[in-house]
Ligand SMILES: Cc1ncc(COP(=O)(O)O)c(C=O)c1O
């Protein structure tokens, strides 16, 4: 355990405290029950990597609004930009008039994405909407209908995006789903029990078979992939697999869509995770940390593709709202000024160093993986069988919360913990949070 000088966690009541319990009881009475909640606390305010609940308990946040707060909660520059914008223009609708923040952000996105040649951007309200826009635009551009997605994928919860999403728990009872969606195996080397190269060959063989047995490659409009699978358990796609997808799309005239909603905006140590593979997508989808918590999604791609949607076929009342645009412009500056990409790499290296010790001591810690500061630990009942251990993971998360650290699970089987701390977390806060995680892991998973 690493010595922590100053404690940031401050628990003044039991968790959840009485005020949290009262608000959660009202939520249960008045809010639709299908809205999942990972913790029983009600939050009052937050700053950087610290969150304070309505009972005055302060927690270290290793979830960051599900990967939305790379620059931290309520970054002063984001707050100032939003406040200033709110006093000038809260809403206009880009469908009615133009405003500079929308245009300036699109310019910035167009040069930031790892796509050579001229790009254009469309702004929406969420990651799911931006993914939907990407597939609509890909269909309009190619004149084809089929979409290839992957096992374990998560692309959102709208009706079209649950059709792309893989986990049954997210989609059951909502069918029928979008037709013409074809699912290929995802190269999840740990679960296949293979090394990365063998896993790529295995999954690629399935992709090739699919082109004979399932879908005509000539009718594929798009291949949609998360360069680091998020909800699926923080599984980076091997560079070789991405290269083959690029070749597939070039050969068959399909659009390669990188869903960087969770992996984008610095989390992995580069602005976008796919940069590390040296592969160019045709469209890249951003949301989450793009705008530090103000709802926004961006679909950015080759100009000729982006221009293929018919006039009036894309956009919505709120898409690219001025408050969200100025927040995102501030995020670009903060990432640069505070060197948060380097920080993501450092955070990742530090967590890996500590996790290597845990993995040595705890046979239940089957895998530690990810890119940069986008890391997950996968818990199994034993290393030989790799049987997922979701119940134990739940106990670990509950114990962490009781000790002042907010964590969140991931993975098809719910047996992973994902680490998505704000990149502005200090070294001391990080170690304090990791000490709590370590204690919970050793308590629950020690042989
Ligand atoms: C990879 C990925 N795509 C899309 C989405 C959907 O984004 P939103 O929740 O903003 O609709 C998410 C959300 O977690 C995601 O991780």
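Nothing in this text is a laboratory measurement; each read-out follows from the coordinates by a stated rule. Computed from a predicted model, the values in this text were never measured in an experiment. As a convention, Cβ positions derive from the backbone with ideal geometry for all residues, glycine included, and neighbour counts pool all protein chains shown.
Laid out as a table, the results:
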item	result
Full-stretch length increase - residue 91, residue 44 - with 0.36 nm per residue and alpha-carbon distance subtracted	14.3 nm
Among beta bridges that DSSP assigns inside the chain, antiparallel share in %, nearest 5	70
Tensor-based shape of segment 148-227 (alpha-carbon gyration tensor, a/c under 1.5 rounded, otherwise prolate or oblate)	oblate
Additional length obtainable on full extension of the chain from residue 6 to residue 35, 0.36 nm per residue less Cα span	6.8 nm
Estimated inter-spin distance, residue 180 and residue 239, nm [label 7 Å along Cα→Cβ]	3.5
Packing-based order for 6-17, 105-116, using average beta carbon neighbours within 10 Å, highest first	105-116, 6-17
Distance between segment 38-90 and segment 227-249 - C-alpha centres, whole angstrom	31
Cα shape, the chain, gyration tensor, a/c 1.5 rule	oblate
Computed [θ] at 222 nm, helices only, for the chain once each DSSP H run of length n ≥ 4 contributes -39500 (n - 2.57)	-12500 deg cm²/dmol
Nitroxide proxy distance, nm - points 7 Å out along Cα→Cβ at residue 247 and residue 145	3.0
Relative contact order (percent, whole number), the chain, Cα cutoff 8 Å, 6+ residue spacing	23
FRET efficiency for residue 427 and residue 333, using Cβ-Cβ distance with R0 set to 22 Å, rounded to 0.05	0.40
Pair residue 79, residue 25: separation of 7 Å Cα→Cβ label points (nm)	3.2
Segment 380-447 and segment 291-370: distance between their alpha carbon centers, rounded to Å	22
Sites residue 196 and residue 218, calculated FRET efficiency, Cβ-Cβ separation with R0 30 Å, nearest 0.05	0.50
Label point at residue 98 placed 7 Å out along Cα→Cβ; residues across segment 290-314 whose backbone nitrogen lies under 17 Å	307, 311-312
